[in-house]
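The values are calculated or read from the model by the stated rules, or taken from the named source; none is laboratory data. The structure displayed is predicted, hence computed values, not measured ones. Don't worry about glycine lacking a Cβ; one is built from the backbone with ideal geometry, like all the others, and counts go over all protein chains shown. Surface areas here come from the heavy atoms of the whole protein model, side chains and all, with no ligands, DNA or RNA. Shrake-Rupley method; radii C 1.70, N 1.55, O 1.52, S 1.80 Å.
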Amino acid sequence: MARNKIALIGGGQIGGVLAQLAALRELGDVVMFDILEDMPQGKMLDLAEASPVDGFDVALTGTNDYKDIADSDVVIVTAGLPRKPGMSRDDLIEVNSKIMTSVAEGIRDNAPNAFVIVISNPLDAMVTLCRKVTGFPPERVMGQAGVLDSARFQSFIAWELGVSIKDVNAMTLGGHGDTMVPLVRYASVNGIPVMELLEQKYGSAAKAKEVMTAMVERTKAAGGEVVKLLKTGSAFYSPASSAIAMAESILKDQKRVLPTCALLQGEFGVDGFYVGVPCVLGAGGVEKIIEFKLDAEEQALMDNSVKAVKELVGSMNI
Ligand code: APR
């Protein structure tokens with residue numbers, strides 16, 4: 001049986017971490033494509049020379065030729081510009097749309113059977129464009145945002161409560177922007193509602209609500225917090241880890257339930273737009289979109305987020 005093959009389109013900050021994680025976990029052979037001459041070749045040579053130390057045994061190739069992504073099982077796209085301090089993700093739409101169009105054509109023409117995970121921002125627009133240009137079925141084109149946004153929310157909860165991040169479960173829905181919806185009601189520590197634990201800690205429901213609101217707001221602005229500190233680029237460890245979790249679930253048919261930017265066709269009252277929702281990811285890609293009941297407040301927040309996604313996608317005129 002042939003080994004899995006993972007193509008990375010974009011070999012920058014996130015692409016580099018993606019390659020290292022994929023190699024360390026031996027998810028398959030890795031091909032890194034970038035338009036910069038020699039850079040992907042150099043990065044993959046460097047990584048390959050770490051393999052005797054780390055003990056991973058996969059083929060690592062850097063390339064400037066789309067032909068080398070042929071027969072890829074999964075393609076992860078990070079090509080595009082990252083934010084600078086003060087910029088929103090949406091400010092990247094013009095330049096990254098052009099890049100995404102050429103990237104999607106490259107994938108369509110060279111890896112027509114691949115599952116595609118888009119990370120490039122503004123995410124909801126870029127994944128929409130990628131699907132349109134490739135023409136791939138919706139279960140094969142998805143975006144990474146929810147795993148990361150949820151991980152940020154989970155981190156803040158764990159730090160606030162002084163418990164292991166392994167025991168915190170929380171999820172965000174909606175677009176990958178300021179309107180994303182961290183779900184407070186479902187946030188738990190091994191099933192125990194986080195709100196109950198905050199009330200125990202602070203002895204007041206009002207204070208618990210105030211602390212939760214601060215964590216929700218920090219989650220929504222978490223990417224910008226990192227951009228402000230880095231000054232020259234945006235988050236890269238956490239987006240890479242998040243996309244690798246999605247790729248692994250597909251390649252190993254794990255059927256993990258991961259918040260994924262998926263094409264909704266009636267679910268959550270949305271038709272024809274990519275929005276972050278929990279999905280079963282397995283050998284068939286987005287195998288199932290899991291719908292569940294939102295209360296009135298959550299639905300209003302979701303509607304607001306979907307409205308923002310629609311405006312963003314509409315601005316591309318595709
Ligand atoms: N085809 C392929 N690669 C390209 C193209 C293109 N047309 N245009 C640019 N690139 C490459 C760049 O050469 C660079 O190596 O994309 C890479 C982007 O890397 P970084 O600038 O380091 O950005 P990174 O931090 O990896 O983020 C990439 O993901 O999270 C989003 O907002 C982020 O849109 C950004 C993307």
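Worth a mention:
- Evaluating V147 against the criteria (1) in a loop (DSSP other than H, G, I, E, B); (2) within 21 Å of the chain's Cα centre (by Cα) leaves one unmet condition, (1).
- Scan of the range 77-92 for residues that are open to solvent by less than 30 Å² (accessible area, probe 1.4 Å) and either more than 10 Å from the ligand (Cβ to nearest atom) or assigned to a helix (DSSP H, G or I) (or both), ordered by number: R89, L92
- Taking the criterion of being among the aliphatic types (A, V, I, L, M) and buried (at least 18 other Cβ atoms within 10 Å of the Cβ), the residues of the range 162-176 that qualify are V168, A170, M171, L173.
- Selection status of G135, modelled with pLDDT of 95 or more and on the phi > 0 side of the Ramachandran plot: yes
- In the range 94-106, the residue that is nearest to A221 (Cα to Cα) out of those that are open to solvent by less than 40 Å² (accessible area, probe 1.4 Å), within 10 Å of the ligand (Cβ to nearest atom) and over 17 Å from the mean Cα position of the chain (by Cα) is V103.
- Residue among V31, V17 that alone is in contact with a helix residue (DSSP H, G or I) (Cβ under 6 Å, 6 or more places away or on another chain), within 13 Å of the ligand (Cβ to nearest atom) and either part of a loop (DSSP other than H, G, I, E, B) or over 24 Å from D109 (Cα atoms) (or both): V17
- Residue match in the range 251-272 (condition: among the hydrophobic types (A, V, I, L, M, F, W, C), within 19 Å of P122 (Cβ to Cβ), modelled with pLDDT of 95 or more and open to solvent by 10 Å² or more (accessible area, probe 1.4 Å)): yes
- Leading residue by the ranking (farthest from L251 (Cα to Cα)) among those in the range 1-14 that are open to solvent by less than 90 Å² (accessible area, probe 1.4 Å) and within 13 Å of the ligand (Cβ to nearest atom): G12
- Pairs, first part of a helix (DSSP H, G or I) in the range 36-60, second aromatic (F, W, Y) and modelled with pLDDT of 95 or more, C-beta under 8 Å, six or more apart: P40/F33
- Of the residues making up the range 227-265, those that are within 16 Å of the ligand (Cβ to nearest atom), in contact (Cβ under 8 Å) with a residue 12 or more places away in the chain and aliphatic (A, V, I, L, M) are V227, A235, A240, A243, I244, A245, M246, A247.
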